[in-house]
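Here is the structure we will look at.
The values are calculated or read from the model by the stated rules, or taken from the named source; none is laboratory data. All values derive from a computational prediction rather than experimental measurement. So basically every Cβ, Gly included, is an ideal-geometry build from the backbone, and we count neighbours across all protein chains shown.
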Amino acid sequence: VGFSEVFVDEVRRAADVVRVISDHVGLKRVGTSWKGLCPFHQEKSPSFNVRSDPPVFHCFGCGEGGDVFKFVMLRERCSFPEAVEALARRFGVPVPESSRDAAPERLAREQVLAALEAAALHYSRRLWSPAGTAAREYLLSRGFAQSTLERIRAGAALDEWEDLSAALGKTFPNEVLLNAGLVLPGKDGRRPYDRFRNRAMFPIVGEAGKVVAFGARSLDGSEPKYLNSPETVAYQKGRTLYGLYWAKDAVRRTGHIVLMEGYLDVARAMECEIGEAVATCGTALTPSHARLVRRFAERVILNFDQDEAGQNAARKSYDALSGEGLQIHVVTLPPGHDPDSFLKAHGAEAYRERLVAAPAFVEWMIARSAARHDLRTPQGQAAYARELLPVLVRVDSAVERAAWVKRAAAHAGIDHGAFEQELKRTRAGGAQRAPAPPPPAPVPARRVKLLPAETWLLVMVLRGDEGIEEALEELDELDVAELPSAEIWAAAKALLRRGAGLDAAALVGAIEDDGLRRLLSELAIAAPPTGDATPLDCVREIKCWPLEARCAEIRRALSSAAPEQVDALLGEQLELKQRLAGLARAAPALR
Ligand SMILES: [Zn+2]
C-alpha cells in the first residue's frame, strides 16, 4: 500500500526517533546525541549514535544509518509501508482509511481491540460505582491507593450473566465480543453471556498501549482464582508481558527489567515507584517473552514467589532468558514473601537494596542446590552436580563458566576435576545452549568519497543553515550530474519543489542508495565544522568542479590534438576560464 507523502511526513514528525530506538537499544545521553551498543553489529563499546535534531541514527562501527523508518525496517525486518504504519499507530497519527481495505484480518483485530477498550472502560466505571463495591473493597483492602488502581485501569465484573454483553451489545455485534473473548456462546442458541463474573479485573495492556486482554481475580473464592482472556487475534499470552507498556521509561533509566509473577505485584511495585516491573500473564516464561525483554534491557532480575512453585518457575525461566544472552539475577526475599507483601511490609528502599544485592543466577542456583541436598553424602553431592550442570553449560563465556565451576565445586567440597569432567559430558550430550540469534549482518555499502565543498554543503543542509534554499536554487542538474552526491541533490530539490521545506530527516529518508544514506546519517551525527564558508560559497565551488574537469581534459587533448582542432579547444578553454572567473570563488579553504 502506498501512503501519501503528506502522511509519511506527518508520521516522521510525530515519531520520536530517540523513543523508538530506546525500545531496542539502551541509550545514554552524550552531548547533543545519544549513544548505545549497535543493534546491527556485535560490539563491546558503544559506537551507535542517535540524534533528535536532525532525527537520525548512525553507527560508526558498521556504518549503518538512516531515519526512524529505516531503523524500524532494519530492526523489525519489515517493509517501508509497514514501518510507516507501525509508527503512525504508535504515535497516534490516524492511518488513511484506503490502506485498510486490503487487510480484513486487520479490521477484525481493530474491532476486537475497540471492544476490549470499551470493556475496560465499562469494568472501570463499575468498580467506582456502588455495583462494584465487592471488587473495590477487595482491592482497597489489599492496601492499594485509588490512584494506582486508576493507573492500572482496574475494574469490576459484576456477579451477573449479562452485564457486559448488554452494555457492549448496543455497539458491537456478538461475533466481535466472542472474538474478543469477552463473552461465551450461549447454549441451544441462547444469547452469549459474560465470561468474567464477580471478579476484580486487570486489563492487560499490550506493547502499543492498547488493552489486549484481561486478567481476572475471583472475589468469592471460586476457581480458578485467576481467570485470563483466551488467546485472540489481539492477544498471545506467550508474547505479552503485563506492565511492559508502563515500565518502558523506568527500564530505560535503570537498565534492567524486574520480572514478577502477579498483576498485583506489578501494581504494588508501580505504587512504590519501582517502575521497571513486569509480569508474565499467568503462564511460564517463553522464548518469545525473553526476546521481548531483550529488546528493552540487557539485564533481567527475577523476583518470583519464594515458595517452591515460584522458585521452580525462576529456575525454568533461565533457559529461555539465557538463550537471549541476557544477564540474569534473582532477588531473594524473606520466606513467605512475594514482591507485593515485601514492599508493603518493608517499603521501596529496602526492596531497591534487594535488587542491588540480587545475586547472579548461577550463584543463586549454587546456593539453592546446596540447600536442597545433603552435601555430606556422595549421593547428595552427585544430585547437587546434576542440578547445576545444565545451568553451567548454558554460560556462554568459557572464562566465566570455568570460574563458576570452580566455585560450585568448592562450595560442595567436590573434586574440581571430576566436576569439570561431568560438565564436558553434559556439553557433549547435546545440552549445549542454543546460540543467541546473530544480529542481522550489516549490508556492505560502498564508501562514498566527496569533494570538500559537497561535504560542507551537506552538513549545512542537515543543520538547516540560513540561505541553504537560495543556494540550492543555483545548483543545476548538470553541475552535479557527475558527482557522487547527485542523488542527494536531486532529492533535496524534489523536496523543495514539493514545498515541504528541506527537512533533514526527510532528505535522509528519500535516499535509496545505501552508501549515500549512511554518508548522510554520518554527517548528521558527526556534524564536522564547516569553517566560515556560506552555502553559496559551497554551491559555487561545486559548480566549478565540472568546469575544471573539462579544462584538464582540454589541456590533455591539446598536447596531441590535430591542428584543425586546436582553435576550437582553445576557444572552449577560454570560455570555461571566463565562467570560472565569473563564479567568484570566495572560500579558498574549499579548494
Ligand atoms: Zn553498527
Per the filter on segment 54-83, residues more than 9 Å from the ligand (Cβ to nearest atom), without any contact (Cβ under 8 Å) to a residue 40 or more places away in the chain and either over 19 Å from VAL11 (Cα atoms) or charged (D, E, K, R) (or both) are GLU76, GLU82
Checking ARG252 against (1) at pLDDT 90 or above; (2) farther than 29 Å from TYR123 by Cα, which single condition isn't satisfied? (1)
Considering every residue within segment 112-133, establish whether at least one is touching a residue at least 40 places away in the same chain (Cβ under 8 Å) and over 20 Å from ARG153 (Cα atoms). no
THR455 meets each of (1) at pLDDT 85 or above; (2) surrounded by fewer than 17 Cβ atoms within 10 Å (Cβ to Cβ) with one exception, condition (2)
I'd like to verify a number: residues in segment 168-206 that are surrounded by fewer than 20 Cβ atoms within 10 Å (Cβ to Cβ), closer than 21 Å to SER129 by Cβ and touching a Lys or Arg at 6+ places or on another chain (Cβ under 9 Å), how many? 1
Examine segment 487-500 for a residue that is farther than 30 Å from GLY61 by Cβ, under 32 Å from the mean Cα position of the chain (by Cα), surrounded by fewer than 17 Cβ atoms within 10 Å (Cβ to Cβ) and in contact (Cβ under 8 Å) with a residue 24 or more places away in the chain, and state whether such a residue exists. yes
Where ILE152 falls short, out of the listed (1) in contact with a Gly (Cβ under 9 Å, 6 or more places away or on another chain); (2) farther than 20 Å from GLY243 by Cβ: (2)
Yes/no for VAL11 being away from the ligand (no atom under 16 Å from the Cβ), at pLDDT 90 or above and under 14 Å from the mean Cα position of the chain (by Cα): no
All but one of (1) assigned to a loop (DSSP other than H, G, I, E, B); (2) at pLDDT 90 or above; (3) basic (Lys, Arg) hold for ARG446, so report the exception by its number. (2)
In the set ARG376, ARG394, ARG427, the lone residue that is outside any helix (DSSP H, G or I) and within 20 Å of GLY325 (Cβ to Cβ) is ARG394
Quick check on TYR235: is it more than 22 Å from ARG268 (Cα to Cα) and either in contact with a His (Cβ under 7 Å, 6 or more places away or on another chain) or crowded, with 20+ Cβ neighbours inside 10 Å (or both)? yes
Please specify each residue of segment 73-95 satisfying the condition of being part of a helix (DSSP H, G or I) and within 17 Å of GLU5 (Cβ to Cβ). PHE80, PRO81, ALA83, VAL84, GLU85, LEU87, ALA88
I'd like the residue in segment 26-41 that is part of a loop (DSSP other than H, G, I, E, B) and of a type in the set (A, V, I, L, M, F, W, C) and, out of all such residues, is nearest to the ligand (Cβ to nearest atom). CYS38
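How many residues are within 11 Å of the ligand (Cβ to nearest atom), touching a residue at least 40 places away in the same chain (Cβ under 8 Å) and either buried (at least 16 other Cβ atoms within 10 Å of the Cβ) or not in a loop (DSSP other than H, G, I, E, B) (or both) if we restrict to segment 42-53?
Looking only at that region, the number is 1.
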Could you check segment 162-233 for strands (runs of 3 or more DSSP E) lying wholly inside it with 1 or more residues that are in contact (Cβ under 8 Å) with a residue 60 or more places away in the chain? 199-205, 211-218
Quick test of your reading of the structure: ARG540 fulfils all but one of (1) part of a helix (DSSP H, G or I); (2) within 40 Å of the chain's Cα centre (by Cα); (3) surrounded by 12 or more Cβ atoms within 10 Å (Cβ to Cβ). Name the failing condition by number. (2)
Reported set for segment 261-281 where residues are closer than 12 Å to LYS344 by Cα and without any contact (Cβ under 8 Å) to a residue 40 or more places away in the chain is none
Would you check which residues across segment 284-306 are surrounded by 19 or more Cβ atoms within 10 Å (Cβ to Cβ) and within 13 Å of the chain's Cα centre (by Cα) and list them? LEU292, VAL293, ARG294, PHE296, ALA297
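Quick one: which of ALA134, ALA156 is of a type in the set (A, V, I, L, M, F, W, C), modelled with pLDDT of 95 or more and not in a helix (DSSP H, G or I)?
ALA156
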Please state which one of VAL20, VAL6 is farther than 24 Å from VAL448 by Cα, away from the ligand (no atom under 16 Å from the Cβ) and surrounded by fewer than 19 Cβ atoms within 10 Å (Cβ to Cβ). VAL6
I need a count of the residues in segment 177-236 that are among the polar types (S, T, N, Q), touching a Phe, Trp or Tyr at 6+ places or on another chain (Cβ under 9 Å) and more than 16 Å from LEU113 (Cβ to Cβ). 2
Selection count where residues are buried (at least 20 other Cβ atoms within 10 Å of the Cβ) and within 24 Å of LEU37 (Cβ to Cβ), scope segment 253-274: 4
Look through segment 530-575, keep the residues that are in contact (Cβ under 8 Å) with a residue 40 or more places away in the chain and among the β-branched types (Val, Ile, Thr), and return whichever of them is nearest to ALA471 (Cα to Cα). VAL539
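Considering only segment 512-533, how many residues are in a loop (DSSP other than H, G, I, E, B) and modelled with pLDDT of 90 or more?
0
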